[in-house]
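Before any comments, here is the structure.
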Amino acid sequence: MRRTTLSTACLATAVIALGACRSFNSNRAIDLRPGAGQKDAAAYLAHPTTVGQLVFHADFILPSENRLIDEIVAERQIIYEKLRLKPSDRQIHVHLFADETDYKRHVSRRFPGFPERRAIFVETDRELAVYATWGEAVAEDLRHEVAHGYLHASVPNLPLWLDEGLAEYFEVSRGRDGVNRLHVNYLRGQLAVGGWRPNLPRLEQLIEAGELTQLDYAESWLWVHFLLHSEAGRETLLTGYLASLRPGEPAGSLADWVKASVENPHEAVVTYLRGLPK
Ligand SMILES: [Zn+2]
């Protein structure tokens with residue numbers, strides 16, 4: 001597994017929020033590059049192309065019919081329904097590059113000094129935007145970064161750890177109930193060697209994207225999954241917390257909400273982790 005170096009030291013002043021997005025390697029090898037599996041060349045669309053809340057800007061001809069595009073467009077309803085969010089129509093610009101070198105050149109020019117990442121989400125005072133390469137990892141990357149877009153379009157003042165935990169949850173391909181096997185195995189391994197114990201109040205203290213380690217991403221995902229799947233009704237802790245967030249007001253502590261409702265939450269989340277499918 002590889003993880004790119006993260007740093008927030010060089011955020012452009014116009015940037016309000018930047019996804020602390022990680023780039024874990026996955027074992028998936030799905031060919032979703034332009035034209036892959038496409039039989040009808042005439043079905044290609046010119047760009048930019050608006051589909052739902054997403055505006056695609058690609059430096060190649062984007063297939064008009066592509067299951068990944070369909071998936072990230074449909075992700076909007078899944079996220080808003082699952083989290084009971086007020087739907088937003090604020091556009092999310094998705095910038096796609098056929099070639100990684102062109103992507104890096106564009107991002108470094110647009111956000112000078114910003115650390116290199118496989119894909120990024122950027123919120124400025126003018127727009128929500130995702131930048132990614134249409135490569136081997138594009139499916140996971142787009143589900144993750146576009147999830148940030150939908151969340152930021154609807155939820156003000158979202159804490160960093162929760163922003164990433166939710167994006168890690170929604171990046172999992174459909175049919176897996178949000179179970180991120182990479183995180184499950186990593187957390188179990190760290191638990192076994194004494195390298196990790198859950199600590200939600202500690203996660204809540206993280207405010208710089210560069211502070212998040214792979215363990216932090218994994219634990220953030222675990223808390224989200226625990227709240228959404230462990231017990232009927234427990235998801236209202238998460239949805240109620242999200243509904244409580246207000247622009248310009250410090251976010252409260254979800255850990256306090258969890259502690260008031262779940263007995264021994266840190267033990268409970270470990271037990272839950274042990275019961276998840278590998
Ligand atoms: Zn992210």
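General remarks:
- Summary of the geometry: the stretch 76-135 and the stretch 214-234, compared by the centres of their Cα atoms, lie 24 Å apart.
- A cut-off of 5 Å between modelled amide H atoms, ignoring neighbours fewer than 5 places along the same chain, links L128 with H93.
- Evaluating 6.51 cos²θ - 1.76 cosθ + 1.60 at θ = phi - 60° for every residue in the stretch 140-148, the Karplus couplings come out as 4, 4, 5, 4, 5, 5, 5, 4, 4 Hz, glycine and proline recorded as x.
- Protection-proxy order for peptides 201-207, 156-162, each taking the mean of Cβ atoms within 10 Å per residue, highest first: 156-162, 201-207
- Database remark: amide H of F56 closer than 5 angstrom to the amide H of T49, T50, V51, V94 (H placed geometrically; neighbours at sequence offset of 5 or more, or on other chains; Pro and chain starts carry no H).
- Set of the stretch 78-105 residues, backbone N closer than 16 Å to the point 7 Å along the Cα-Cβ line of R126: 91-95
- Each peptide in 192-198, 124-130, 135-141 receives the mean, over its residues, of other Cβ atoms within 10 Å, and ordering these scores from highest gives 135-141, 124-130, 192-198.
- HN-Hα J in Hz across the stretch 220-237 - Karplus 6.51, -1.76, 1.60, θ = phi - 60°, x for Gly and Pro: 4, 4, 4, 4, 4, 5, 4, 5, 7, 10, 6, 8, 4, x, 5, 5, 5, 4
- ³J(HN,Hα) computed for each position of the stretch 213-219 - Karplus, 6.51 cos²θ - 1.76 cosθ + 1.60, integer Hz, glycine/proline x: 9, 4, 5, 5, 4, 5, 5
- Size of charge dipole - the stretch 181-275 - debye, nearest 20, with Cβ of Lys, Arg +1 and Asp, Glu -1, no other charges: 300 debye
- Taking amide hydrogens as placed 1.01 Å from N in the peptide plane, the amide H of S253 sits under 5 Å from that of no residue at least 5 positions away in sequence or on another chain.
- Net lengthening on full extension, H229/A243 (0.36 nm per residue, minus Cα-Cα): 3.2 nm
The numbers here are math on the coordinates, done by the rules we state, and not lab data. Remember, it's a predicted structure, so these values are computed and weren't measured experimentally. FYI the Cβ positions are ideal-geometry reconstructions off the backbone, even for glycines, and counts take in every protein chain you see.
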